[in-house]
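The structure appears below as structure tokens.
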Amino acid sequence: MRDWGIDLLTVLDNENYQYFTGEFRRQPRLYIPIDGEPMILVFRGEFEDASRNTWVKNIHTYGSLHEMMKHVIEYIKQNNVKTVGFDYEFALPAFLLERFKMANPTVKVVDARELFMSLRMAKTSEEIELMRKAQEIATAGIDAARRVLREGISEVEVAAEIEYEMRRRGAERFGFPTFVNSGYRSNCLHGWASRKRIEKGELILIDVGPVYMGYSSDMARTFVLGPQTENQRKLIELYIRARREAINVVKPGVMVSELDNSANRVVSEAGYGEYYVRGISHGVGLAFEETPFPTIFPEDSIIELRENMTISIGHSILSIPGIGGVRVEDVYLVTDKGAELLVKYDEELIEV
């Protein structure tokens, strides 16, 4: 923190809170001073739960925004804080940041996103094993889709079966609502399950993100209900070829942008560049999308891969009107030898 010129880190997001405290909490409030004891603020009624689940001993309760701010102001004065770092990632509630500035007009507020992510990007062996387990749970969700997909079933019914199976295998929550997108909806980059009923011959894109002991997975596969057509086969084969190009360039020292550039070249040279949504990779860890995340933070494109980083490859979508959209996504570990797939699973178009 001294190197960053920060006296106090304020943690308001679930992922950084869990990283530092070891517990998950809705609406977390953690304050870490450069010297002294960290402080957690929780709603009244949550004290016992927090004290049982975290190593932090300095826990206070509040029942209103005014009371919460009073605790924070007193804590800042006690620790002689001049500069406070927040994680400016898109999950930071703007109204809370503005309230903080209004309540502490003499305190300088800075973006500490790079500090947080410098700690979280490379994973420990324990974190990697938790992510491997999360990915195994994701494969169970994809297997559940294989079993239940049929003509006439709705997307939300399929999502319910997938999520039930993943819960049964140990998922405590999901990084995002399960995507089940069929037919024309398979063209959606981010399309949650709807009431649409699945029809024969349609492509069905399924994307899951179960969370296990705080750590996320991110896995997608494309199905077809019935025999695949020639156009559907060619589309998935092109996507897989582009994805493999991105996988093949992974090694420590390579810039994140090279993964997407490699995949984009394959799609563009095949004449389908206009149908391809770029951004084939992003970081995965406590969040299903975290640094490096170049589609949201363009500056992340120049981040160099390091050993023990965990990244998704296959986030982008290739979609053609009249045919549909395809995606194949898995989580990989960056090693000194390249990209290591956390959990193996068929990547071809899955006929059901």
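Table for the structure above
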{"item": "Subset of the stretch 237-274 [among the polar types (S, T, N, Q) and in contact with a Ser or Thr (Cβ under 8 Å, 6 or more places away or on another chain)]", "result": "248, 257"}
{"item": "Enumeration of residues in the stretch 141-176 that are hydrophobic (A, V, I, L, M, F, W, C) and either surrounded by fewer than 19 Cβ atoms within 10 Å (Cβ to Cβ) or at pLDDT below 95 (or both)", "result": "148, 153, 156, 160, 176"}
{"item": "Selection status of residue 58, in contact with a strand residue (DSSP E or B) (Cβ under 9 Å, 6 or more places away or on another chain), of a type outside the set (A, V, I, L, M), in contact (Cβ under 8 Å) with a residue 24 or more places away in the chain and over 30 Å from residue 208 (Cβ atoms)", "result": "no"}
{"item": "Residue, modelled with the lowest pLDDT, within the stretch 86-120, restricted to residues that are of a type in the set (A, V, I, L, M) and over 21 Å from residue 72 (Cα atoms)", "result": "117"}
{"item": "Extreme residue, nearest to the chain's Cα centre (by Cα), among residues of the stretch 306-319 that are assigned to a loop (DSSP other than H, G, I, E, B) and surrounded by 23 or more Cβ atoms within 10 Å (Cβ to Cβ)", "result": "315"}
{"item": "Residue that is farthest from residue 203 (Cα to Cα), among those in the stretch 132-175 that are of a type in the set (Val, Ile, Thr) and in contact (Cβ under 8 Å) with a residue 40 or more places away in the chain", "result": "137"}
{"item": "Selection from the stretch 293-315 of residues that are at pLDDT 90 or above and touching a helix residue (DSSP H, G or I) at 6+ places or on another chain (Cβ under 9 Å)", "result": "302, 303, 304, 305, 308, 310, 311, 313, 314"}
{"item": "Residue within the stretch 37-44 that is touching a strand residue (DSSP E or B) at 6+ places or on another chain (Cβ under 7 Å), under 20 Å from residue 211 (Cα atoms) and not aromatic (Phe, Trp, Tyr) present", "result": "no"}
{"item": "Any hit, the stretch 191-211, residues being modelled with pLDDT under 95 and over 15 Å from residue 156 (Cβ atoms)", "result": "no"}
{"item": "Members of the stretch 257-272 that are part of a helix (DSSP H, G or I) and among the hydroxyl-bearing types (Ser, Thr, Tyr)", "result": "257, 262, 268"}
{"item": "Answer residue from the stretch 321-352, given it is aliphatic (A, V, I, L, M) and not in a strand (DSSP E or B) and is surrounded by the most Cβ atoms within 10 Å (Cβ to Cβ) among those", "result": "328"}
{"item": "Residue within the stretch 261-272 that is farther than 24 Å from residue 344 by Cβ, under 21 Å from the mean Cα position of the chain (by Cα) and among the hydrophobic types (A, V, I, L, M, F, W, C) present", "result": "no"}
{"item": "Cβ pairs under 7 Å, 6+ apart, first in the stretch 306-318 and in contact (Cβ under 8 Å) with a residue 12 or more places away in the chain and farther than 17 Å from residue 219 by Cβ, second polar (S, T, N, Q) and surrounded by fewer than 24 Cβ atoms within 10 Å (Cβ to Cβ)", "result": "307/335"}
{"item": "Counted residues, the stretch 259-279 - those being more than 21 Å from residue 189 (Cα to Cα) and buried (at least 19 other Cβ atoms within 10 Å of the Cβ)", "result": "0"}
{"item": "Any hit, the stretch 144-151, residues being outside the structural domain of residue 17 (by TED's automatic domain parsing) and over 28 Å from the mean Cα position of the chain (by Cα)", "result": "yes"}
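The values are calculated or read from the model by the stated rules, or taken from the named source; none is laboratory data. As the structure is a prediction and not an experimental result, all values here were calculated from the model. Don't worry about glycine lacking a Cβ; one is built from the backbone with ideal geometry, like all the others, and counts go over all protein chains shown.
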